[in-house]
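One structure is given below, encoded as structure tokens.
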Amino acid sequence: MFNNNPDFFPTPATLIAKMLDKIDFKYISSILENSAGKGDLADAIIEKFKLSRSHYYNREAVWDIDTVELNSELRMILKGKGYRVVHDDYLTYNTYKHYDAIISNPPFSIGDKFLLKMIEMQEYQGGVIVSLLGAETLRNPYSNTRKELLDKLEHYNAEIEYIQNAFIDSERSTNVEVALIYISIPKPEHSSIILDDLMKQEQFREEVHYNNEIVNADFLKG
């Protein structure tokens, strides 16, 4: 699964734990995992949901997780685990659906673009973001995209923790330094019942159309 996939670095368990500790799952209903790989992060998210719901509400856990994954082989793994795969390329993913949280270990080579899109999505209705990023993306803002990202992180008072050798014990080891970023974006005051209704209808049409396309494409490849 690592062949021809240079940006695929499965998130190690210790790093997943640090990421998910940033979120209070009592207040989370819907999550997007936008670079889902083979589902390691999504698996841990479900365990967090189970623990949170059973402890605080004494009832069976229910979760709403959407995944996105570019690699067709990894998409098949996700579907085999029962995950809902809503798109392939996150940078072209458009939806009216609101996610309480977006949790991500994006490709480091385009992590700045991923995180900017996450911020853009959450700016519309509010929500939290927990994302990894190559530390060099923030330490060396040579491009306009990186500069824009830094401005956004400052604007939203993002929490940034730099972690050395975070992937040294990963299935695909690397000694890269990463930044663990947490952003909480407040809900803007522009929502309306009518607009929400229209958004839900459009989201349903989009997802049915896309899911039919991607299922057919993956079936043919398989």
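Distance from the alpha carbon centroid of the stretch 138-171 to that of the stretch 112-130 works out to 14 angstrom.
Counting other Cβ atoms within 10 Å as a rough exposure proxy, the listed residues Y96, Y27 run Y27, Y96 from fewest neighbours to most. Taking the average, over residues, of other Cβ atoms within 10 Å as the packing measure, peptides 157-163, 113-119, 74-80, 35-41 rank 35-41, 113-119, 74-80, 157-163 from highest down. Counting neighbouring Cβ atoms within 10 Å and putting the fewest first, the residues L51, L15 line up as L51, L15. Cross-link check: pairs K38/K117; K22/K152; K26/K81; K50/K113 evaluated at a Cα-Cα cut-off of 30 Å; pairs beyond the cut-off: K50/K113. At full extension, Y124 and K147 could sit 6.1 nm farther apart than now, given 0.36 nm per residue minus the alpha carbon distance. Ordering E154, E148, E189 by the number of other Cβ atoms within 10 Å of each residue's own Cβ, fewest first, gives E189, E154, E148.
Here, each number is a calculation from the coordinates, and none is a lab measurement. Every value quoted in this text rests on a predicted model; they were computed, and no experiment measured them. Counting neighbours? That spans all protein chains shown, and the Cβs are built from the backbone with ideal geometry, glycine included.
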